[in-house]
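Structure, as structure tokens:
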Amino acid sequence: MPSDHPLRAIRLLVNAALERLSGDFDALYAAGGRDSIAPEKLLRALLL
């Protein structure tokens, strides 16, 4: 991806927003059970 591509700026915003939400996502996880795909990864994939 070129250094001036618009997705680079969007990616920075998405990463920052998901970092702030990380604690909220952690609180939603059960203590046991099967591992799943982290919601941050799923949301990032959908947005980008």
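Every number in this text was worked out from the coordinates using simple rules, so none of it is lab data. In this text, all values refer to a predicted model and were calculated from it rather than measured experimentally. A quick note on method: Cβ atoms are made from the backbone with ideal geometry, for glycine too, and the neighbour counts reach across all protein chains shown.
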- Message: Could you check the spin-label model distance between Ile10 and Ala30? Points 7 Å from the Cα along Cα→Cβ, value in nm.
- Response: 3.5
- Dipole moment magnitude, nearest 20 debye, the chain about Cα centre, only Lys, Arg, Asp, Glu C-beta charged: 140
- So for the pair Glu19, Leu47, with labels modelled 7 Å out along Cα→Cβ, what separation do we get in nm? 1.2
- Across the Cα atoms of the chain, what radius of gyration and what greatest pairwise Cα-Cα distance (Dmax) are found, in Å? 13.4, 43
- Item | Dipole of the chain [Lys/Arg +1, Asp/Glu -1 at C-beta], most positive-end residue of Ser36, Pro6, Leu18 | Pro6
